[in-house]
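None of the figures in this text is laboratory data; all of them are computed from the coordinates on show. All values derive from a computational prediction rather than experimental measurement. As a convention, Cβ positions derive from the backbone with ideal geometry for all residues, glycine included, and neighbour counts pool all protein chains shown.
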Amino acid sequence: MDFFTRDTGVITVGVTGFAKSKKRRQEIDYFRLLSLTAEQRGGKWRLKDVSTQRVFTGFSESYSAMETGYQMLREASKIIPKGVPEAPLFDLFIAVFEQVNAENIAAWNAYLLANMLDFLGIFHAEDLQQNTTINTKQQKIITFAVATSVDDFMQHIHRITPEDTQKIQQYCERQVGLMR
C-alpha cells in the first residue's frame, strides 16, 4: 500500500499483519491524516502501527466528491516521486483537503494540479501563454493558483466556474502526460 508521508515522501508499505485486525484495518482509509509507525528492513517498509489524526469529511459529502478525491490522489501518484521527502507539497495537500467540500472540490483539484506541476518544475508561465486550449481567464486562474496561498485562493474560489476548472484540469493532466 502506498502512503504519502511528510518525512519520506511516497513509500510503499507492507501491511500484511494489519489484515488480521479489523480495528487496525479500519484506520487505513483514504482521506485521512494518519500517524504511521513504519520501519525499513532490507529495503522494504513494514507498517508497525497506525492511528487516525484527522478525517477529511468533505470527500464523503457526495459520491462525486469522493470520485474527484480519488482522481486527485491518482494524479498525485503519477507526479510525486517515490521516496523523496516533499514536506511543502504534503503540507499543501493537508491544507487543501481541510477546505474541500462537495461544492468546491473541482476548483481545489485544479488548484492542486497546478501547484504540483509548479512545485516539481513542470509548470512554465511561457508555455501557458502560448497554449491555445485554455483562454486568458483560465491562464490567469492558473497563474494565481501557483502564486497564492490556500487561504487566499479560498477567498476567490467562488469566482471560478465549472467550465474553468474543467479546462484547467484538462490542461494540467495533459502536462502530466507529457512528462512521462
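Of the listed pairs K140/K167; K137/K167; K82/K167; K44/K82, which have alpha-carbon separations greater than 22 Å here? Present the calculation step by step, with values, prior to reporting the outcome.
Numbers: K140/K167 13 Å; K137/K167 11 Å; K82/K167 28 Å; K44/K82 13 Å.
Violating the 22 Å Cα-Cα cut-off are K82/K167.
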Rg and Dmax [Cα atoms of the range 121-167; Å; Rg one decimal, Dmax integer]: 11.0, 30
On Cα atoms only, tilt of 63-79 relative to the major axis of the chain in degrees: 90
As a test of the formula, what do you get for the chain when each DSSP H run with n ≥ 4 contributes -39,500 (n - 2.57) and the sum is divided by the residue count, at 222 nm and rounded to the nearest 500 deg cm²/dmol? -16000 deg cm²/dmol
Global size of the range 52-118 as Cα Rg and Dmax, reported in angstrom: 11.7, 34
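Which whole number in µm²/s is D for the chain by Stokes-Einstein, with the Kirkwood Rh taken over Cα pairs at 25 °C and 0.890 mPa s?
Working: Rh = 17.4 Å.
D = 141 µm²/s.
Would you please put 155-165, 139-149 in order of how densely packed they are, using the mean number of other Cβ atoms within 10 angstrom per residue and starting with the highest? If you can, show how the numbers build up before the last one.
Values: 155-165: 14.3, 139-149: 17.3.
Going by the mean number of other Cβ atoms within 10 Å, highest first, we get 139-149, 155-165.
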What is the P(r) of the range 101-180, as percent of Cα-Cα pairs per 10 Å bin from 0? 19, 58, 22, 1
Largest-first principal axis extents of the Cα set of the range 55-162 (Å): 39, 36, 23
Based on the mean of other Cβ atoms within 10 Å per residue, sort peptides 39-45, 94-100, 111-117, 74-80 so the most packed one is first. 111-117, 94-100, 74-80, 39-45
